[in-house]
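Each value in this text was obtained by applying a stated rule to the coordinates, not by laboratory testing. Nothing here was measured: the structure is a model prediction, and the numbers come from that model. Here the Cβ is made from the backbone with ideal geometry for all residues, glycine too, and neighbour counts use every protein chain on show.
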Amino acid sequence: MTLVEQLQIWLGAFLVLSLFSFLYKDNPFYKFAEHIFAGLSAGYYIGLIWQNVIIQQLIDPMFDQGRWWLVFPGLLGLLMFARFFPKWSWISRISLAFIMGNTAGVFLISQLHGIVLPQTVATMLSLDPRNGFGTVLLALIVVCGVISTLVYFYFSKEHKGILGGTAKVGIWFIMISFGAHFGYTVMARISLLIGQVRFLMFDWGGSIKQLF
Amino acid sequence: MGFWDKLANLDRRWIYLSVAISVIFPMLFVIKFPVEISPEARQLYNAVESLPDSSVVFLTFDYYPSTLAETEPMSIAALNQMFRKNMKVITMTTIPLGGPSIAERVTRMVAEKYNKVYGVDYVNLGYKANYVAVLKGMGSSIESIYPSDNRGTPLKDLPLMNKVKNYNDIKFIYVVADNAIVDYWISIVNAQYKTPVGAGMTAVMAPKMYPFVQAGQLTGLLGGMKGAAEYEELVGVKGTAIRGMDAQSLVHLLIIGFVILGNISYFVTRKKTGPGVMK
């Protein structure tokens, strides 16, 4: 392990322990690590966008490849900076209108064809008993879950009678879904903890062993 | 103050300490909890395995360094499987912070194991801003979106990229992500260009993706460290996910215990003080 790698590991371990120290109580080490993270991220992001977007996708194609028409999206981008000047901030709306129109067009098609229609089709499951009891039961659960959850989110009529009963079934499906999400979230957070503990025990620990 | 009252007012730092012990203990003393393979993980493995050798595949590194513990083992296992089948791998990321360097480091590490050559067997395209434009644009021309790779080499100078123009030349897209980008791989790339997409996700994101597997829009799914461990098991790589599952399982047992104790304590103390006054 080189000296630079050792330094990287020790710096990483110091920052991880500083952040973990918040679990005991708020303290200056935690704040220090938090501010370093925010500042580093912002600096890294600016550098990356400058190189990958401004240079590679605007300046180079315009001047090296003669794609002069890129001056128009470049100008639209510059107009966004008008927001810093209250008197001229309205100009940025031109760029925003372009972004909104473009985004709406792209997402309308992709959401409709990619999500809404295929998911609706996937709900129309066969209840043919020849498919086997298990398959039919699962299909019934999917269909009941979708319909009752949709009914729960139907607010134009008071939830009474059949509508109220179906909405209650919908709540059960939503709660079970929340439970699954919560279980997975616990697993995710513990995984992150395991990752950091592994780093401290084996990488940092190994580095300490090597030093002494 | 009785036992249940004490438990109801337990300082949360004791819980943190017990979780920390439960994570550290199995790392020192291996328990080896079994890892069952889920049908979704097997589906993803079989989808890659059934591709002809030397197929060109996409592997994305759509995750931040903060979720490495869950996602990196998936990428490593997937790369092992792909390189073992002599597949040509194109990597990319939609994550600016860390994504390009993680892709570079992990791919190079696994490629060296299989003597793969950069530019011939694998290419790292790196990061480009505005993922919707990137995903859509690569449908017509990858080179128009990525004129050069992550190292600044023009794509036309890379032998692998001379054979690949757009999604039509890609046999499978293997997304490893910690965010909602999988939605866009499905709704833009799979739906519009019909390229099969499989995904490995952080556990937080995984439940949202099961309907896409059921609908056939996703070809297989890995959820969190458990999913990564399953894939390592399938590929035959003894990685960090399998080793982390002991700690994962032990902490889950601990949390189940806490949930049960917490609920008993709530109902016992509520009887004494009335509902809704628990601190």
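Worth a mention:
- Each part gets one Cα centre, and for the range B:229-275 versus the range B:16-59 those centres are 18 Å apart.
- Here the range B:138-279 is treated with +1 on each Lys and Arg Cβ and -1 on each Asp and Glu Cβ, and its dipole about the Cα centre works out to around 620 debye.
- Taking other C-beta atoms within 10 Å as the exposure proxy, A:Ile49, B:Ile255 rank A:Ile49, B:Ile255 from fewest upward.
- In a DSSP loop and with at most 11 other Cβ atoms within 10 Å, the GluC sites (Glu not before Pro) in the range B:1-92 are B:Glu36.
- Under a model in which nothing but the beta-carbon of Lys, Arg (+1) and Asp, Glu (-1) is charged, the range B:39-238 shows a dipole of about 360 debye around its Cα centre.
- Listed by number, the DSSP H helices of chain B that run 30 Å or longer by alpha-carbon position along their axis and have mean Kyte hydropathy of at least -0.5 are B:240-273.
- Given charges at Cβ of Lys, Arg, Asp, Glu: the range B:39-238 dipole, positive-most of B:Gln217, B:Pro100, B:Asn166: B:Asn166
- For A:Met124 and B:Arg42, a Förster radius of 22 Å and the Cβ-Cβ distance give a FRET efficiency of 0.25, rounded to the nearest 0.05.
- In this rough spin-label picture, where each label sits 7 Å from Cα along the Cβ direction, the B:Met27-B:Ile15 distance is 2.2 nm.
- Hits among lysines - C-alpha to C-alpha of B:Lys163 under 23 Å, sequence gap 8 or more where chains match: B:Lys85, B:Lys88, B:Lys116, B:Lys128, B:Lys136, B:Lys171, B:Lys194
- Protection proxy ranking of B:101-111, B:171-181 - average other beta-carbon atoms within 10 Å, highest first: B:171-181, B:101-111
- Counting Cβ atoms of other protein chains within 10 Å of each Cβ in B:201-208 and taking the mean gives 6.
- Cα centroids of the range A:145-212 and the range B:122-180: 33 Å apart.
- Taking other C-beta atoms within 10 angstrom as a stand-in for reagent exposure, A:Tyr45, B:Tyr118 fall in the order A:Tyr45, B:Tyr118, fewest first.
- Prolate is the label for chain B, because a/c, from the alpha-carbon gyration tensor with a ≥ b ≥ c as root eigenvalues, is 1.5 or above and a/b exceeds b/c.
- Counting only other chain Cβ atoms within 10 Å of each residue's Cβ, the peptide A:177-188 averages 6.
- Helices meeting the span-like rule in chain A (full DSSP H runs, Cα extent of at least 20 Å along the helix axis, mean Kyte-Doolittle score of 1.0 or higher): A:3-20, A:92-111, A:133-152, A:161-198.
- Pair A:Met80, A:Ser21: separation of 7 Å Cα→Cβ label points (nm): 3.7
- Take the Cα of A:Val143, go 7 Å toward its beta carbon, and none of the backbone nitrogen atoms of the range A:159-181 fall under 13 Å from that spot.
- Percentage relative contact order, chain A, counting C-alpha pairs under 8 Å, at least six apart: 15
- Dipole of the range A:79-202, positive direction: furthest Cα of A:Gly179, A:Phe84, A:Ile141, with charges on the beta-carbon: A:Phe84
- Note on the protein assembly as shown: with charges restricted to the Cβ of Lys and Arg (+1) and Asp and Glu (-1), its dipole about the Cα centre is near 1020 debye.
- Shape of the protein assembly as shown, Cα gyration tensor, a/c cut at 1.5: rounded
- Extending 7 Å from the Cα toward the beta-carbon at both B:Ser141 and A:Gln8 defines two label points whose distance is 3.7 nm.
- Highest mean packing comes first when the peptides A:98-104, A:56-62, B:89-95 are listed by Cβ atoms within 10 Å, giving B:89-95, A:56-62, A:98-104.
- Prolate/oblate/rounded call for chain A, Cα gyration tensor, a/c under 1.5 rounded: oblate
- 10 Å Cβ neighbours from other chains, averaged over peptide A:158-165: 0
- FRET efficiency, 1/(1 + (r/R0)^6) with R0 41 Å, evaluated for A:Ser41 and A:Trp69 via beta carbons: 0.75
- For the range B:167-177, 3J(HN,Hα) per residue [Karplus equation, 6.51 cos²θ - 1.76 cosθ + 1.60, θ = phi - 60°, Hz, x = Gly/Pro]: 4, 4, 8, 9, 7, 7, 10, 10, 9, 10, 9
- Once the chain from B:Met109 to B:Asn263 is taken as fully extended at 0.36 nm per residue, the excess over their C-alpha distance is 50.7 nm.
- For B:Ser55, neighbours were defined as the other residues whose beta-carbon sits under 9 Å from its Cβ, and their charges (Lys and Arg +1, Asp and Glu -1) total +2.
- Restricting the range B:210-279 to GluC sites (Glu not before Pro) in coil, as DSSP defines it, with at most 15 other Cβ within 10 Å: none
- Ranked B:Met225, B:Met82, criterion: other C-beta atoms within 10 Å, fewest first: B:Met82, B:Met225
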